[in-house]
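Chemist: First the structure, which I've put down as structure tokens, then a few questions once you've had a look.
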Amino acid sequence: MIYELPHTLKLSKKHLDWKNMKMKVRLAAEVLSSSVADALEYLSIHDPRFKDAGATIEFIRKVRINFIKKVAVRSMWIGCLK
């Protein structure tokens, strides 16, 4: 079953049943994407079941920002070695 959320975000059972999918970086990147944060933000406004999703939204956005910064710094550092 696919759960369709706003912004054409699609999460499958493998995204939600993460215990059997440990060490799958691609899945983690998809779950912690800005699209998921956007969908949660939409749901927090339009669905009372998601009214307390603010901390999760903030967490996803901070993780993404820090990940992007680390990748950029690492790429610059590796580029200096060439």
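Chemist: Explain nothing, just compute: Karplus ³J(HN,Hα) = 6.51 cos²θ - 1.76 cosθ + 1.60, θ = phi - 60°, for every residue of the range 62-69 in order, whole Hz, x for Gly and Pro.
Modeler: Once rounded to whole Hz, the list reads 5, 4, 4, 4, 5, 5, 4, 4.
Chemist: So what J values fall out for the range 25-37 if you push phi through Karplus, 6.51 cos²θ - 1.76 cosθ + 1.60 with θ = phi - 60°, rounded to Hz, Gly and Pro as x?
Modeler: 4, 4, 5, 4, 5, 5, 5, 9, 8, 5, 5, 5, 4
Chemist: Work out, step by step, the length gained on full extension between Lys62 and Ala28: first 0.36 nm times the residue separation, then minus their alpha carbon distance; give nm to one decimal.
Modeler: Length gained between Lys62 and Ala28: 10.8 nm.
Chemist: Please report Glu41, Glu58 as a ranked list, fewest other C-beta atoms within 10 angstrom at the top and most at the bottom.
Modeler: Going from sparsest to densest Cβ surroundings: Glu58, Glu41.
Chemist: Sort Asp38, Asp52 by Cβ crowding within 10 Å, fewest neighbours at the top.
Modeler: Going from least to most buried by this count: Asp52, Asp38.
Chemist: Next question. Residue by residue, what Karplus-based ³J(HN,Hα) values in Hz, rounded to whole numbers, does the range 53-61 have, using 6.51, -1.76 and 1.60 with θ = phi - 60° and x for Gly and Pro?
Modeler: Karplus values, whole Hz, x for Gly and Pro: 7, x, 5, 5, 4, 4, 4, 4, 5.
Where a number appears in this text, it was derived from the coordinates with a stated rule and is not lab data. Quick caveat: nothing in here was measured; it's all calculated off a predicted structure. Heads up, the Cβs are rebuilt from the backbone with ideal geometry, glycines too, and the neighbour counts pull from every protein chain shown.
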